[in-house]
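The values are calculated or read from the model by the stated rules, or taken from the named source; none is laboratory data. All figures in this text were calculated on a predicted structure; none of them were measured in a lab. Here Cβ is always computed from backbone atoms with ideal geometry, including for glycine, and neighbour counts include all displayed protein chains.
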Amino acid sequence: MTERETTRLIAWSQELRQVHHRLREALSATRASLAEGTPGEAATRELLLYCHGFCAALDGHHRGEDRTLFPAIAAAHPESRPVLRSLEQDHSMIAHLLGGLRAAVDRAAPPEELDRHLEGVAAIMESHFRYEEKRLLTVLETLELAADPREALGPL
C-alpha cells in the first residue's frame with residue numbers, strides 16, 4: 001500500500017471527526033444566537049437561518065452516513081452491523097427531534113421552548129457522536145471507500 005493510499009484510508013476517520021466538530025460548532029452558534037437574541041424581526045430571521053442551517057447540516061450528515069458510509073462499513077466489517085443499527089436508530093431519533101425544532105422555529109416559539117428543543121438535540125447528538133467515534137474511528141482508518149467525503153458524511 002502506498003503512502004497516498006494510507007493517507008486516504010486514515011482520512012475517513014479524520015473527515016468524521018471534522019464533520020462532528022463543525023456540527024458541534026453550528027449547534028453552539030445556534031444556541032448562542034438564541035441566547036443573545038434581541039427582540040425583533042432581524043433577530044428572528046437570524047435565528048431561523050441558524051436553526052435551519054444546523055438542521056439541514058445534521059440531517060445531511062446522517063443521510064450520507066446511512067446511504068454511503070454505513071453500507072461500506074457493513075460490507076467490509078460485518079461484525080459492526082449491530083453498532084451501525086444502533087447508530088441508524090439514533091439518526092431516526094435525532095431526525096424526529098430536528099422535526100420538532102423546525103416546527104417550533106417555523107411557528108416562532110418562545111426562546112425558552114426553542115432552547116429546550118436545542119438542549120434535547122444537543123444531548124442526543126453528543127452521545128451519538130461520542131459512541132460513533134468510539135466504535136467506528138478504528139474501522140474508518142482501514143476502510144477502503146472510493147466516495148466523495150460530502151457524499152459519505154454530508155455537505156459540510
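The set of residues in region 30-39 that are surrounded by 13 or more Cβ atoms within 10 Å (Cβ to Cβ) and either over 11 Å from Ala57 (Cβ atoms) or modelled with pLDDT under 80 (or both) comprises Arg31, Ser33, Leu34, Gly37.
Being farther than 27 Å from Thr68 by Cα and of a type in the set (Gly, Ala, Ser) is a property that holds for Ala109.
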